[in-house]
Amino acid sequence: MKRLVNLVQLLIVLAILYPVYYVWDTSRIDNFCGLIEAGMTVANLQQIADDHNIRLNTPVGKGETGQWMTSVDSTASIDRYACVIIGAVDTVASARIIDE
C-alpha cells in the first residue's frame, strides 16, 4: 500500500512539472528559430546552435541539387514541435516552426 501511495505522489509531481518543462523547451526552440535568417551560412547557423546549447539534427545528404533540410525537435512535446530549417549548399533558405 505504501508503494502505491509513493507511486501516486510521484505521478502528481510529474504532472505538475511537465507543463513547466514543456513551456521551457518549446520557448527555447522558438527563440532559436527566430534568430535564423535566410541567407546566413551553415557555419553561422552552427555557431548560433552552439551558443544556445542546441543540437542540430545533421542533414543526411545534400542530394544532387545540394538542397538539405534539418530540424530541432522538442523533447518535451508529445506531438511534433520543431524548427525546420531548409537550405541549399552552404546557405540557409528558410526556418519555420512546425506544430503538428
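Do we find that Asp90 is open to solvent by 20 Å² or more (accessible area, probe 1.4 Å) and at pLDDT 90 or above in this structure? No, not satisfied. In this structure, Cys83 does not qualify as in contact with a Cys (Cβ under 9 Å, 6 or more places away or on another chain), touching a residue at least 12 places away in the same chain (Cβ under 8 Å) and part of a helix (DSSP H, G or I).
For the stretch 52-62, enumerate the residues that are at pLDDT 70 or above and open to solvent by less than 100 Å² (accessible area, probe 1.4 Å).
As a first pass, look at the stretch 52-62 and keep what is at pLDDT 70 or above: 52-57.
Within the stretch 52-62, His52, Ile54, Leu56, Asn57 meet the criteria.
For Ala76, the stated conditions do not hold, so it cannot be described as in contact (Cβ under 8 Å) with a residue 12 or more places away in the chain and either part of a strand (DSSP E or B) or among the charged types (D, E, K, R) (or both). Here the stretch 69-83 is the region considered, the condition is being of a type in the set (A, V, I, L, M, F, W, C) and closer than 17 Å to Asn53 by Cα, and the residue that is farthest from the chain's Cα centre (by Cα) is Ala76.
Across the stretch 19-35, not a single residue is classified as over 14 Å from the mean Cα position of the chain (by Cα) and in contact (Cβ under 8 Å) with a residue 40 or more places away in the chain. Of all residues in the stretch 36-48, exactly one satisfies the criterion of being in contact (Cβ under 8 Å) with a residue 12 or more places away in the chain and open to solvent by 90 Å² or more (accessible area, probe 1.4 Å), namely Glu37. Hey, any hits in the stretch 4-25 for a residue that's closer than 15 Å to Ile85 by Cβ, part of a helix (DSSP H, G or I) and open to solvent by less than 80 Å² (accessible area, probe 1.4 Å)? No, there is no match, as no residue in the stretch 4-25 is closer than 15 Å to Ile85 by Cβ, part of a helix (DSSP H, G or I) and open to solvent by less than 80 Å² (accessible area, probe 1.4 Å).
The values are calculated or read from the model by the stated rules, or taken from the named source; none is laboratory data. Fair warning: this is a prediction, and the values are worked out from it, not measured in the lab. Reconstructed Cβ throughout: ideal geometry from the backbone, glycine too, with neighbour counts over all protein chains shown. These area figures cover heavy atoms from the full protein model, side chains too; ligands, DNA and RNA do not enter into them. Shrake-Rupley method; radii C 1.70, N 1.55, O 1.52, S 1.80 Å.
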